[in-house]
Amino acid sequence: MQTVKPRLRFDKVARRFVSDLQAALRDAVPDGTTVTFTIAAPIRLASKTAAVLEEHIRGLLTRRTKQAESEQTIHGNSIRVRVVRSVETQAAKVVGFVHNPDPGAAEALLNAYGPSSTASGV
C-alpha cells in the first residue's frame, strides 16, 4: 500500500475559508471535542460553501456519539468532516485542511488527527 502525501493549499481563498470556519465554530465546539474537515481545491462559492458546512458541522455536534463522520459535496466542493470526542481538553477545537484533489488525500489528513472508527488498517 502506497503512502499518500497530501499537497496542501495556502492561497488566500483557502486560508480565509479555514479561518472563517474556525472563528464561526470555536464557541460551538465543546471542550474535549475536535472537528477536523478537509476540502479539495479549488474552492467554489467559498462563502456559500462555508455557511452550509458550518450548519452541517453544528448538526454533527448535536449527536451524542463519541465520533461522527460525513462525506459530501457542497456547491461542487468535495468535503469530509470528522468530529472526535476525547478526554484531552488542550486539543485544537477546529482543524481545517485545503488540499489538492489527490486520491486518498482527505483520508490521510483526517487520520493525522485520529483514525476513523471504521479504519481497519488493511
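Since every read-out is calculated from the coordinates, none of them should be taken as a lab result. A quick note: this is a predicted structure, and the numbers were derived from the prediction, not measured. No Cβ is skipped: glycine too gets one built from the backbone with ideal geometry, and neighbour counts run over all protein chains shown.
Straight-line reach from Lys48: taking Cα to Cα under 23 Å and skipping same-chain neighbours fewer than 8 places apart, the lysines in range are Lys12, Lys93. Simple spin-label estimate for Arg64 and Arg16 gives 4.1 nm between the two label positions (7 Å along the Cα-to-Cβ direction from each Cα).
In order along region 101-112, the Karplus-derived 3J(HN,Hα) couplings, from 6.51 cos²θ - 1.76 cosθ + 1.60 at θ = phi - 60°, round to x, 7, x, x, 5, 4, 4, 4, 5, 5, 5, 5 Hz, and Gly and Pro are given as x. Pair-distance distribution P(r) for the chain, from all Cα-Cα distances in 5 Å bins starting at 0: 2, 11, 23, 25, 21, 12, 5, 1 percent. In a DSSP loop and with at most 13 other Cβ atoms within 10 Å, the trypsin sites (Lys or Arg not before Pro) in region 55-85 are Arg63, Arg64, Lys66.
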